[in-house]
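Structure in structure tokens, see below.
The values are calculated or read from the model by the stated rules, or taken from the named source; none is laboratory data. Only a predicted model underlies this, so the values are computations on that prediction, with no experimental measurement involved. Every residue, glycine as well, gets a Cβ built from its backbone with ideal geometry; the counts of neighbours run over all protein chains shown. Please note that ligands, DNA and RNA were not included when accessible areas were found on the heavy atoms of the full protein model with its side chains. Shrake-Rupley method; radii C 1.70, N 1.55, O 1.52, S 1.80 Å.
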Amino acid sequence: MDTGHSHCTDEQMERFLNEQLGPADQSAIEEHLEECAACQQAMMAHAAQPQEWQEARDALQAAAVGCRTL
């Protein structure tokens, strides 16, 4: 990734969030995010996708039900 002249792509953000990047790319994106406010905001928005929040809610509810039956 050319961190000096470009922004993170949606694919890079998705792979970053899912820990699917190699060490060099992971580090490059981390360094870029420290300096680029636009990519910081995009990453936060990308990480907070409604479907992901719904999946997290569903998983927590299932875990809570499982705890009640113990």
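If you go through the stretch 15-25, how many residues are in a helix (DSSP H, G or I) and touching a helix residue (DSSP H, G or I) at 6+ places or on another chain (Cβ under 7 Å)?
Qualifying residue count for the region: 2.
Another question, then. Between a residue in the stretch 38-67 that is without any contact (Cβ under 8 Å) to a residue 12 or more places away in the chain and any residue that is surrounded by 10 or more Cβ atoms within 10 Å (Cβ to Cβ), which pairs come within a Cβ distance under 7 Å, given they are 6 or more apart or on different chains?
Partner pairs satisfying both residue conditions: 40/33.
Let me ask another. Considering the stretch 37-53 alone, what residues qualify as being of a type in the set (A, V, I, L, M, F, W, C) and either within 11 Å of residue 8 (Cα to Cα) or outside any helix (DSSP H, G or I) (or both)?
Across the stretch 37-53, the qualifying residues are 38, 39, 42, 43, 48.
Suppose we keep only residues that are of a type in the set (S, T, N, Q) and open to solvent by 100 Å² or more (accessible area, probe 1.4 Å) within the stretch 44-63. Which one would you say is farthest from residue 33 (Cα to Cα)?
61
Taking the conditions exactly as written (modelled with pLDDT under 90, part of a helix (DSSP H, G or I) and either within 12 Å of the chain's Cα centre (by Cα) or exposed (fewer than 12 other Cβ atoms within 10 Å of the Cβ) (or both)), does residue 34 satisfy them or not?
no
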